[in-house]
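The values are calculated or read from the model by the stated rules, or taken from the named source; none is laboratory data. Small disclaimer: the values here were computed from a predicted structure and weren't measured. Cβ atoms come from the backbone with ideal geometry, glycine included; neighbour counts cover every protein chain shown. Quick note on the areas: whole protein, heavy atoms, side chains included, nothing else; ligands and nucleic acids left out. Shrake-Rupley method; radii C 1.70, N 1.55, O 1.52, S 1.80 Å.
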Amino acid sequence: MAKTTLKNTHLPHFLELLRAFGELHGPMLNEHGVLCFAPLASTSELQLNYSRTQIPPKKYLFPFREELLQYQKGSYRQAITHGSETVLFGVHPCDLDGIAYLDQVFLNEQPDPCYSARRASVTLIGISCQPDDFCFCSGPRASAACDLFLQAKEDGYSLSAHSAKGEAISAAAAEFMAETAEEMEPAPCGSCNVLPQDPQLRFSDHPLWHKFEETCVSCGACSVCCPTCYCFDVREYPSLSGGGTRVREWDNCLFVTHGEVAGGNFRATRLERLRYRFLHKYCGFTPLTGMTSCVGCGRCKEFCPVHIDLRELFQDAPTACRSTP
Ligand code: SF4
Ligand code: SF4
């Protein structure tokens, strides 16, 4: 694996060079003061000392709403969007893990054509982070789930390429780089995460669910902002001309309309839906995919309007270090 060093003074040149590989996007403050991944008109907009964006980069691969199909009587057209080449710069390891999880869901066995097209057009450049009090993760670490990873050092970054795209960027930026013999080791597990070893057994009947139910407003923010939540609904929008459009939109298991059947919803109360999301995530999806479906980004706590912190459930339970996918 190629290892090179980029000094801080060369970072602006490096960022400009990335534009040759696609439209440059990164973490920035939008006009409402919200941190988000967005196109960078100027590299000075980049916010590198950020904790987390409100919406994770899953929006690039699995958009909030997308057309799947357009049809007329006797014919149809699959509306696959071949996204333009995009370089996503400054993605933290937890969000890279989130994308690796979505890859597992959408690219394995029966690849989803819309996701595949978008995934192929995105170049991922990861960067090391500094966990804060909201993080669930296993501490700062390097991640290989990207094309190129930048590990912060005192006066710049150690770079490691993890794909042909990453190698190509490193080669193009050779004039800004210095070869290094130093091995880029992931930092040790600093704040060992608090994921439970046997959540179903321990937490199904935990009294805290009743406390959470009193304040949860079923807004669904914890699912929207989660980098691994991917529930969706597929809707038909017929036109008066006889044809129509099939659209895929994000759905949300915190909503009473999610999973509704004739006669109502099997999870009619807020408590049931909140507990379902937690148990399904840890006990359902994780064993099914072989990867943890909580990457520890901390968004569900930070963006919950009533400050529900599921980590309270874990406080008196034995915990396990989450393995990096
Ligand atoms: S469950 Fe919460 S901490 Fe875990 S990945 Fe989702 S938003 Fe992040
Ligand atoms: S963000 Fe908070 S209030 Fe909204 S559904 Fe999730 S736990 Fe409930």
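In the context of the full set of protein chains, residues of region 199-314 present 49 Å² of accessible surface per residue (probe radius 1.4 Å, heavy atoms only).
Helical content of the chain, expressed as a calculated mean residue ellipticity at 222 nm, amounts to -6000 deg cm²/dmol (DSSP H runs of 4 or more residues, -39,500 (n - 2.57) each, divided by residue number, nearest 500).
Helices assigned as whole DSSP H runs in the chain whose Cα atoms extend at least 27 Å along their own long axis and whose mean Kyte-Doolittle hydropathy is 1.0 or higher are not found. With a cut-off of 13 Å between beta carbons, the residues surrounding residue 107 carry a summed charge of -1, where Lys and Arg count +1 and Asp and Glu -1. Please say if the chain is rounded, prolate or oblate, where rounded means a/c under 1.5 for a ≥ b ≥ c the square roots of the C-alpha gyration tensor eigenvalues, and otherwise the choice is prolate for a/b larger than b/c and oblate otherwise? Judged from the Cα gyration tensor, the chain comes out oblate (a/c at least 1.5, b/c at or above a/b). Residue pairs exceeding 29 angstrom between C-alpha atoms, taken from 59/165; 7/281; 59/281: 7/281.
Summing +1 for each Lys or Arg and -1 for each Asp or Glu among the other residues whose beta-carbon sits under 9 angstrom from that of residue 65 gives -2.
Across the accessible surface of the chain, with the other protein chains kept in place and a 1.4 Å probe, carbon and sulfur atoms take up 54 percent.
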